[in-house]
Amino acid sequence: MDYKFILTAIFLFIHDFSYSQNTVCFTIEDNPDINSPAFSDFTKYVRVLDCFDIYAESSIPDAKVLHAASIAAELLDNNEDGEVDDPLLKDELNANGALIPIFAYDGSPAMDNFFDNYTGNGASAVLWRNEIDPNNPGYWGADASVEEIIHVINVVGHTNIYPAAFSLQPNSSLLTDAMDVARGGQFIQHPGNYPSEAWYHYDDYTCDYECMAVEYLYWCIVTDMGILSDNQTCSGIANEWEPCTPELFEQIDTLMYALVNNINYLLPQLAPDGNYCPTSVQINHESSNNPQFFKLSSAYPNPFNPETNIHYSVLSEHAFSIDIMDIQGKIIKTLINDKISHGNGQVKWDGKSDDGIMMSSGLYFYRLSSSDYEETKKIVLLR
């Protein structure tokens, strides 16, 4: 049976108990590795951005397979321009065969077969059917997709390409140095009782030092995204992790806040929402009748908070405008309106709308346009 089908618009997610609509642009295919012993029990497969694979048993609903694929894509392509944000990460994940298998349940025959036969380096986490909830992407206690996929990306990717920042061994990286502070000391094994000053006190006795570092990096990334901020979640994870809001994280864990937000490592900053289909707003690089007269440069910094600089060039006297648009293509801020000028220039955007409203974190677009020219680029605002 040819299982291939393409979802290019709205896919109606059929949850086990309810319905929700998510926009997912991916293809579920037949398993290309069906003859490999480790992968022989999987029937569903998605290739994500040419560097990350999803394999699933036949009993896994399509909605859940596509949800996992969407989460992986959003984490890898956080500005959703169709490309992995960090080319080094893409190459590393691809080289190591990064993947996540989705099993019907813990200990299923397919799971036993996979781990009996798998000899690669790309599978550092798994998902089970009941851990995936497209209605609540990343919500602690409901959807484990964000957590487990982040684990794979970090262990298979970041620890290898940026060892000075993310190596998992004691005394080896900025990550482990920060974790020793967060735990109130360096504990190779679970200390039993953590010091009172600790704010990271993971309580799984089977989790060794490297495992603790993997979990710590996950907590820090999703806290910075704001995924854990609601009162119920904060209360539910307090036995393991205390600074559950971005504000507390910045105040308490200053070392990891700086690391997670260091633009050199391009860690994901925006929380996945289960929707991935590179925007319908057209991104033009040189789309016009007169490209020789205009040039719109990359904004810097990007991502940014609280403001960014947009540089442009107008090589002869022309009237032009520069606008900020939201993901729907609606103009929210006009930075330059029908200005007649030439030469190099720059304009700042402070993250506010024309009405002075502070815009929320997310993906936006800046556009230079004239009567016969239009160029649009992406920008990410972080709060």
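Quick note: the coordinates plus some simple rules give every number you see, no bench work behind them. Please read these numbers as outputs of a predicted model, since none were measured by experiment. Cβ: placed from backbone, ideal geometry, glycine included. Neighbour counts: every protein chain shown.
Overview of results
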quantity: Beta bridges per DSSP with both ends in region 5-139, % antiparallel, nearest 5; calculated: 70
quantity: Among Tyr218, Trp349, Ala125 the positive-end extreme of the charge dipole of the chain (Cβ point charges); calculated: Trp349
quantity: The chain, dipole about Cα centre (Lys/Arg Cβ +1, Asp/Glu Cβ -1), debye to the nearest 20; calculated: 1040
quantity: Cβ-placed point charges (K, R +1; D, E -1), dipole of region 5-139 about Cα centre in debye, nearest 20; calculated: 340
quantity: Set of lysines with alpha-carbon distance to Lys44 below 22 Å, sequence-local pairs under 8 removed; calculated: Lys4, Lys64
quantity: Residues whose placed amide H lies under 5 Å from that of Asp30, excluding near-sequence neighbours; calculated: Tyr3, Lys4
quantity: Convex hull volume per residue in cubic angstrom - Cα atoms of region 86-236; calculated: 134
quantity: Rg(Cα)/(2.2 N^0.38 Å) for region 48-168, N = residue count; calculated: 1.03
quantity: Check: region 287-381 dipole with +1 on Lys, Arg Cβ and -1 on Asp, Glu Cβ, in debye; calculated: 240
quantity: Selection from Ser173, Ile379, Ile34, by position along the positive dipole direction of the chain (Cβ); calculated: Ile379
quantity: Nearest-ten-degree value, helix 209-225 long axis tilted from longest Cα axis of the chain; calculated: 30
quantity: Under 21 Å from Lys295, Cα to Cα: lysines that are on another chain or at least 8 residues apart; calculated: Lys333, Lys339, Lys348, Lys377, Lys378
quantity: Qualifying aspartates and glutamates (Cα of each under 16 Å from Cα of Lys90; at least 8 residues distant if same chain); calculated: Asp50, Asp53, Glu74, Asp77, Glu80, Asp81
quantity: Surface/4 estimate of mean projected area, convex hull on alpha-carbon atoms of region 160-260, nm²; calculated: 6.0
quantity: Calculated diffusion of the chain, Stokes-Einstein form, Kirkwood radius summed over Cα pairs, 37 °C and 0.692 mPa s, µm²/s; calculated: 146
quantity: Extreme residue, positive dipole direction of region 289-365, given options Ile332, Val314, Ser361 (C-beta unit charges); calculated: Val314
